[in-house]
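**Student:** I have a structure I would like to understand better, so I am pasting it below and will then ask my questions one at a time.
The values are calculated or read from the model by the stated rules, or taken from the named source; none is laboratory data. This structure is a prediction, so every number in the text was calculated from the model and none was measured. So basically every Cβ, Gly included, is an ideal-geometry build from the backbone, and we count neighbours across all protein chains shown. SASA here: full protein model, heavy atoms, side chains in, ligands and nucleic acids out. Shrake-Rupley method; radii C 1.70, N 1.55, O 1.52, S 1.80 Å.
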Amino acid sequence: MNNRKKNILLVAILSIVAIFNIFPRLGSLPLREWDESRVAASAYEMYDSGNYLVATFDYTPDLWNTKPPLLLWLQALSIRFFGLGETAVRLPSALAMLCAALSLFYFGTKLSRPLAGFFSALIFLCSKGLFFYHCGRSADYDALMIMFCILYCGFFYLYTQLKQNKYLIYFFLCLALGVLTKGIQAAIPLAGIFIFALFDKDLLSLAKNRTTYIGTGILVLLVGGFYLARECAAPGYLLSVWNNEVGGRFLSTLEQHSGDNLYYYRFLKDVQFSYFFWLVPAAFVINLITKDPHTRKANLFCTSMALTYFLIITISRTKLQWYSLPIIPSLCVIIGLSFDFIRQTLSKKFFLLFEKRNALSVGQNAVSPKRNAVSFHQNALLQTAVCLAVIAIFYSPCSKIIRHNILSEEAEENKAYYSRVNLMKAAADNSLQHQYTEICYLNEERGQLDFFYYYYLKENGIYADRKIFEQLVSGDFLQVNRPETLEKLKHHYEIQETDSRISSHIFLLKSKKQQNNGNISDNTKL
């Protein structure tokens, strides 16, 4: 089998693993309360309003979430093609994870190390931190940002090795797209790139290269152009960016998201990269002592990426568990390089052993056809052994991710809370006992999670009327999510429950109770 066919086979294997690890039942669970639901609501508002410059929430400029709009653009496009729903807003993240894995393989092939790229991509696809929460299967920013970080770091490394200016242009373009996805966080790996370039003595050549300045111009034009246009469209945006993303998160603790200096170490070790974590130190040493200078250099590049990123987010005062996810691709490559080195070493020893045995059994002057036949069977045996070893290593983490995604069950402690949007979604899908054309929702109960599902109701022909309690009238269908609201409702109205989901209920307000000197009397019922 020639190299092209081998690479096609490896891509096919990675694509099959990705399909099962990323895409099953992508829209089965409701959007999560915080970032995901807000991002999804903003994406719909962008799609609905046609304003693709200013991200809004509840149709007002959003100065709490100040991330650039690239993800929102992709989600709005997905909504246009596939309709409004959880799957549509999560699909760009899922596709980004697929592209990220294939990118790791691509960089391996460009450096004549396709199996190192294959192992790196496979480890990436079997890292549960990337697919369990807030990343590859959610409508959050992290998956798209990680993809662009992999791309621009990979293109920079390709430039240092191949000295082709096109890779430098690709580096700046992907860097710009990464920043347009998640702002300053996407630029953190630049610190690792600078350290690597300093020790590799590439800084001077970069400074002398005209392409560096062309790429810098592209970066400034794309990123600076957006931030300037956004500030002009809704003044105050740049100050909010500083407070939320730079001065706020790095120098102070926002919203009580704090942790000690081992916060991210524990998450990587125990949750996000637990299956492969303890392979990293051994893999680093193996790559370091190899005689292959290309392996050593790639190993140092990825180590520089991982360590600098880890140190910067550890120093930052605001800590969130998904901030450490961009470290995982570098760790995957470190392990992938060592796997390929071990395979190469064992392969050489394997063939040397059998060559000696062949020489003893058939003699040095044996005819060529017989030796070729023996070599073919030996190679088949070696490839079979490699496949079995890969299956043995990756079966457990891969099967856990597949099982988790196929089941897609709501955690027991979340079922009551998310019943509110499950009820809204069921009403929109006409899967309840009663068919609604209008449902009322109280502003007192309104949460960030609800907005996306207001829009989901609207897209399915149901008007979500948002009221305060005093605006309710007899004949309204009202969804109630809190016990205290239900008690208040019973005090003022005769009600009839029409549908429910755990702790959320829809009531028909039949008549209003009048209070006269402390006595409650009923109006004529409808």
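**Student:** Scan region 191-211 for residues that are assigned to a helix (DSSP H, G or I) and more than 30 Å from the chain's Cα centre (by Cα) and jot them down.
**Tutor:** Selection gives Leu198, Phe199, Leu203, Leu204, Ser205, Leu206, Ala207, Lys208, Arg210, Thr211.
**Student:** Being in a loop (DSSP other than H, G, I, E, B) and either modelled with pLDDT of 95 or more or surrounded by 17 or more Cβ atoms within 10 Å (Cβ to Cβ) (or both) is the filter here, so list the residues in region 260-274 that pass it.
**Tutor:** Initial filter on region 260-274 (in a loop (DSSP other than H, G, I, E, B)): 260-262, 273-274.
Within region 260-274, just Phe273 meets the criteria.
**Student:** Restricting the first residue to region 126-155 and requiring it to be under 14 Å from Arg32 (Cα atoms), which pairs with a second residue that is acidic (Asp, Glu) and open to solvent by 10 Å² or more (accessible area, probe 1.4 Å) meet a Cβ separation below 7 Å and a spacing of at least six or different chains?
**Tutor:** Asp140/Asp35
**Student:** Please find, among Ser347, Ser368, Ser338, the residue that is at pLDDT below 85 and open to solvent by less than 30 Å² (accessible area, probe 1.4 Å). Before the answer, list the steps.
**Tutor:** Values: Ser368 fails: open to solvent by less than 30 Å² (accessible area, probe 1.4 Å); Ser338 fails: at pLDDT below 85.
Just a single option satisfies the conditions, and that option is Ser347.
**Student:** Further, regarding this structure: One residue is enough: does region 482-505 have a residue meeting the conditions under 37 Å from the mean Cα position of the chain (by Cα) and within 28 Å of Asp48 (Cα to Cα)?
**Tutor:** Within region 482-505, none of the residues are under 37 Å from the mean Cα position of the chain (by Cα) and within 28 Å of Asp48 (Cα to Cα).
**Student:** Which count do you get for residues in region 50-80 that are without any contact (Cβ under 8 Å) to a residue 40 or more places away in the chain and part of a strand (DSSP E or B)?
**Tutor:** The total comes to 2.
**Student:** What number of residues within region 198-212 satisfy the criterion of being modelled with pLDDT under 95 and either open to solvent by 90 Å² or more (accessible area, probe 1.4 Å) or of a type in the set (Gly, Ala, Ser) (or both)?
**Tutor:** Result for region 198-212: 7.
**Student:** Quick one: in region 313-327, of everything that is polar (S, T, N, Q) and more than 15 Å from Ile184 (Cα to Cα), which residue is nearest to the chain's Cα centre (by Cα)?
**Tutor:** Gln321
**Student:** Quick one: in region 84-108, which of the residues that are more than 15 Å from Ile150 (Cα to Cα) and not in a loop (DSSP other than H, G, I, E, B) is most open to solvent (accessible area, probe 1.4 Å)?
**Tutor:** Among those residues, the one meeting the criterion is Thr87.
**Student:** Another question, if that's okay. Restricting the search to region 123-133, which residues are part of a loop (DSSP other than H, G, I, E, B) and open to solvent by 10 Å² or more (accessible area, probe 1.4 Å)?
**Tutor:** Scanning region 123-133 gives Phe132, Tyr133.
**Student:** Does Phe81 qualify as being surrounded by fewer than 21 Cβ atoms within 10 Å (Cβ to Cβ), closer than 23 Å to Arg446 by Cβ and among the aromatic types (Phe, Trp, Tyr)?
**Tutor:** Spelling it out, it is not the case that Phe81 is surrounded by fewer than 21 Cβ atoms within 10 Å (Cβ to Cβ), closer than 23 Å to Arg446 by Cβ and among the aromatic types (Phe, Trp, Tyr).
**Student:** Return the pair list, or none, for Cβ contacts closer than 9 Å from residues in region 168-183 that are within 19 Å of Tyr237 (Cα to Cα) to residues that are outside any helix (DSSP H, G or I) and of a type in the set (S, T, N, Q), at least 6 apart or on different chains.
**Tutor:** Pairs that qualify, where the first residue is within 19 Å of Tyr237 (Cα to Cα) and the partner is outside any helix (DSSP H, G or I) and of a type in the set (S, T, N, Q), are Gly183/Thr66.
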